[in-house]
Amino acid sequence: DAGVIQSPRHEVTEMGQEVTLRCKPISGHDYLFWYRQTMMRGLELLIYFNNNVPIDDSGMPEDRFSAKMPNASFSTLKIQPSEPRDSAVYFCASSGLAETQYFGPGTRLLVL
Amino acid sequence: GEDVEQSLFLSVREGDSSVINCTYTDSSSTYLYWYKQEPGAGLQLLTYIFSNMDMKQDQRLTVLLNKKDKHLSLRIADTQTGDSAIYFCAEVGNAGNNRKLIWGLGTSLAVNP
């Protein structure tokens, strides 16, 4: 299995620009999670989906962040407009029947 | 509320044993996890233990669970430089359909030659 796939791996953008992060979960997994990791706050759960439906988005920082899962094999996390404080590593993870989560390699975002 | 705590740093010499400790608060957790994150990489599942177990051994790794004290530990025998990484403890959140994992801040393990 290819594992969880994320793209891009690195993103550098300027403040105010729109950023879209992409994730392909492991085939057959019906849960998908978006996390943000920073030195100051550690690993934060932003949102998670079950069968493409958002279950808990309480970790989404503000309205500038949105996430979608149009089908079982694809999800996006969008930041619009981006700000320097959004600079972080964003991880996508998926899980199946068990609660064990499998992580992608992450997208390193730098907002200048 | 739910919380997972870990010490932030641990330094050991190559060949020694490493013990990384974790405390958690949710006594209803079914699984407790250890993940490893190498520099510049994602989190990799290292091992897990079911809540009805006291110990689990997997090659150089030994996980001990003390449910009474809500304490979890990860012992790495014969620690190697390749074990240098951040180790995260996590517990499953509240029961039911909640699939959230509650994460510690991670313990940075430095292995000195």
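The values are calculated or read from the model by the stated rules, or taken from the named source; none is laboratory data. These figures come from a predicted structure and were not determined experimentally. Here the Cβ positions follow ideal geometry from the backbone for every residue, glycine too, while neighbour counts run over all protein chains shown. SASA here: full protein model, heavy atoms, side chains in, ligands and nucleic acids out. Shrake-Rupley method; radii C 1.70, N 1.55, O 1.52, S 1.80 Å.
Results, tabulated for the structure shown:
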| quantity | calculated |
| --- | --- |
| Top-ranked residue of the stretch A:90-112 - restricted to ones that are open to solvent by 30 Å² or more (accessible area, probe 1.4 Å) and in contact with a Ser or Thr (Cβ under 8 Å, 6 or more places away or on another chain), ranked as farthest from residue A:50 (Cα to Cα) | A:112 |
| Lone unmet requirement of (1) within 14 Å of chain A (Cβ to nearest Cβ); (2) in a loop (DSSP other than H, G, I, E, B); (3) touching a residue at least 60 places away in the same chain (Cβ under 8 Å) for residue B:102 | (2) |
| Filter result (over 14 Å from the mean Cα position of the chain (by Cα) and more than 10 Å from chain B (Cβ to nearest Cβ)) within the stretch A:41-51 | A:51 |
| Whichever residue in the stretch B:52-96 is β-branched (Val, Ile, Thr) and open to solvent by 10 Å² or more (accessible area, probe 1.4 Å) and, among such residues, is farthest from the other protein chains (Cβ to nearest Cβ) | B:81 |
| Filtered residue count, the stretch B:1-28, keeping only those that are more than 12 Å from the chain's Cα centre (by Cα) and either among the charged types (D, E, K, R) or within 23 Å of residue B:52 (Cα to Cα) (or both) | 10 |
| Residue selected from the stretch B:1-16 under the condition touching a strand residue (DSSP E or B) at 6+ places or on another chain (Cβ under 6 Å) and closer than 20 Å to residue B:66 by Cα, by the criterion most open to solvent (accessible area, probe 1.4 Å) | B:5 |
| Inter-residue pairs, beta-carbon under 6 Å, first hydroxyl-bearing (Ser, Thr, Tyr) and in the stretch A:86-103, second surrounded by 20 or more Cβ atoms within 10 Å (Cβ to Cβ) and assigned to a loop (DSSP other than H, G, I, E, B), 6+ apart | A:94/A:4; A:94/A:25; A:95/A:101; A:102/A:4 |
| So residue A:79, is it at pLDDT 95 or above, open to solvent by less than 20 Å² (accessible area, probe 1.4 Å) and touching a helix residue (DSSP H, G or I) at 6+ places or on another chain (Cβ under 9 Å) | yes |
| Residue satisfying all of: in the stretch B:24-38; modelled with pLDDT of 90 or more and more than 10 Å from every other protein chain (Cβ to nearest Cβ); surrounded by the fewest Cβ atoms within 10 Å (Cβ to Cβ) among these | B:38 |
